[in-house]
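Visitor: Take this structure, written in structure tokens, and hold onto it; I'll ask about it next.
Just so you know, all these numbers are worked out from the coordinates, no wet-lab data involved. All figures in this text were calculated on a predicted structure; none of them were measured in a lab. Using ideal geometry, Cβ is built from the backbone for each residue, glycine included, and neighbour counts are taken over all protein chains shown.
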Amino acid sequence: MSELMSLLRKRRSIRRFASRPVERELIEECLEAARLAPSAENSQPWRFVVVDETELKKRICNAAFSGLYRVSRWAADAPVLVVALARLDIITNRVGSLIQGTQYYLLDMAIAGEHFVLKATELGLGTCWIGWFNSRSLRRALKLSRRFRIAYLLALGYPAESPPSRSRKPLDEIGFFNTIPKD
């Protein structure tokens, strides 16, 4: 099995983290991996706000994980939260949305995020994508400009758990050569 396939099989969503801080150099390696991701017309709409300072993280978590979003509160225990921001004022994003009906920045952000989490896995770190958070409240807490949209959050740290692998559909249920799936 190739190193890449081995890494892909190893990657899991981690929701319990050791209290050990994450070294800045390792976070920078993850950011570098994200920076190298491809994007529509090389627009590179991503901006990553790394939050590892205790009081700021607490303020962000209080804003992001209150009320209906409390179910994601476990992320407050991660040593690092990464706020993934998408720049919306890039012409590629506007034109693609109008003409093609595709929000290309979402695709770009997802590719960069996957580069980040795969690098983190390679470095022995755990991550979890978080899409369930109070975006309005977090936006206010960050005093975020209108040109940015919060795409997702990433919890990052050393895993305190090893979740079991989850079953995946067989290849013949998801891949089709020269035919259209029936369902």
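Visitor: Projecting each Cα onto the charge dipole of segment 113-183 (Lys/Arg +1, Asp/Glu -1 at the beta carbon, about the Cα centre), which of F116, A141, P170 comes out farthest on the positive side?
Guide: Selected residue: A141.
Visitor: Taking mean projected area of the Cα convex hull in nm² straight from the coordinates, which label in (1) 9.4; (2) 17.2; (3) 13.0 is the correct one?
Guide: (3)
Visitor: Calculate how many DSSP beta bridges within the chain are antiparallel, expressed in % of all such bridges and rounded to the nearest 5.
Guide: The antiparallel fraction comes to roughly 95 percent.
Visitor: Also, I was wondering about something else. Lysine pairs in the chain with alpha-carbon atoms under 21 Å apart, 8 or more places apart or on different chains: how many are there?
Guide: 5
Visitor: Sticking with this one: Tell me which GluC sites (Glu not before Pro) from segment 67-171 have a DSSP coil assignment and no more than 12 other beta carbons within 10 Å of their own.
Guide: Filter output for segment 67-171: E161.
Visitor: Right, another one. Based on DSSP H runs of at least 4 residues, each adding -39500 (n - 2.57), what is the mean residue ellipticity at 222 nm of the chain after dividing by all its residues, to the nearest 500 deg cm²/dmol?
Guide: Value at 222 nm, helices only, nearest 500: -10500 deg cm²/dmol.
Visitor: Where does the longest stretch of the chain lie that holds no trypsin sites (Lys or Arg not before Pro) found in a DSSP loop with 12 or fewer other Cβ atoms within 10 Å?
Guide: That gives 1-142 as the longest site-free run.
Visitor: What relative contact order, as a whole-number percentage, does segment 63-183 give when Cα pairs under 8 Å and 6 or more residues apart are counted?
Guide: Relative contact order of segment 63-183: 37 percent.
Visitor: Please return the longest stretch of the chain lacking exposed loop sites, where chymotrypsin sites (Phe, Trp or Tyr not before Pro) count only if DSSP places them in a loop and at most 12 other Cβ atoms lie within 10 Å.
Guide: Between the exposed loop sites, the longest stretch runs 1-175.
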